[in-house]
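**Q** What follows is a structure written as structure tokens; I'll ask about it next.
Computed from the coordinates by the stated procedures, all read-outs in this text should not be read as laboratory data. Here the structure is a predicted model, which is why all the values come from computation and not from measurement. Glycine gets a Cβ as well: all are built from the backbone with ideal geometry, and neighbour counts include every protein chain shown.
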């Protein structure tokens, strides 16, 4: 018998400053907190349900050290609108091609996407299926 994985329960990102992270995910990205658990001693586990998945942020685990590591892809309705909105809010972007830092959007046969970086260096893929 083999294990049967049926879904992704959640993706968790480590953060160093919970109020700053909550402002980024709630105010900048517009995600709604669905659970905030105070674990005591200043430790938090906060969840945002997005479609069938959940993004959690926590200061229980060690912070990220490189935005090139794992990332979450957030599906948007209009990629160009999302890009303009995030630029206007001063979000940090990760250019896919260091030789062409102004070309933020990647194009593939099935999707378009770009990468942003949260305040703790975690990579976030902003994604739109074609």
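**Q** So which residue, out of 109, 70, 19, gets the largest mean-square fluctuation from a GNM of the chain using Cα contacts under 10 Å as springs?
**A** Comparing 109, 70, 19 in a Gaussian network model of the chain, the most mobile one is 109.
**Q** May I have the pair-distance distribution P(r) for the stretch 30-89, computed from all Cα-Cα distances with 5 Å bins from 0 and rounded to whole percent?
**A** Using 5 Å bins, I get a P(r) of 4, 13, 18, 19, 24, 14, 6, 2, 0 for the stretch 30-89.
**Q** Still on this structure, please answer the following. What FRET efficiency comes out for residue 107 versus residue 77 if R0 is 22 angstrom and r is the Cβ-Cβ distance? Round to the nearest 0.05.
**A** Using R0 = 22 Å, I get an efficiency of 0.80.
**Q** In whole percent, what relative contact order does the stretch 11-129 give with Cα contacts below 8 Å and a gap of six or more residues?
**A** RCO, the stretch 11-129: 26 percent.
**Q** Give the percent of DSSP beta bridges with both residues in the chain that are antiparallel, rounded to the nearest 5.
**A** 75
**Q** In degrees from 0 to 90, rounded to the nearest 10, what is the angle of the helix 79-88 Cα long axis to the longest principal axis of the chain?
**A** Value to nearest ten degrees: 70.
**Q** Please express the Cα-Cα pair-distance distribution P(r) of the chain as a list of whole percents, one per 10 Å bin, running from 0 to the bin with the greatest distance.
**A** So the P(r) values, bin by bin, are 11, 41, 33, 13, 2, 0.
**Q** Using Cβ counts within 10 Å as a stand-in for footprinting exposure, how do 108, 103 rank, fewest first?
**A** Working: 108 8, 103 12.
Least crowded to most crowded, the residues run 108, 103.
**Q** If r is the Cβ-Cβ distance from residue 16 to residue 84 and R0 is 25 Å, what FRET efficiency results, to the nearest 0.05?
**A** Working: r = 29 Å, r/R0 = 1.15.
E(calc), rounded to 0.05, equals 0.30.
**Q** Taking the beta-carbon count within 10 Å as an exposure proxy, list 4, 112, 20 from fewest neighbours to most.
**A** Ordered from fewest to most neighbouring Cβ atoms within 10 Å, 4, 112, 20 come out as 4, 20, 112.
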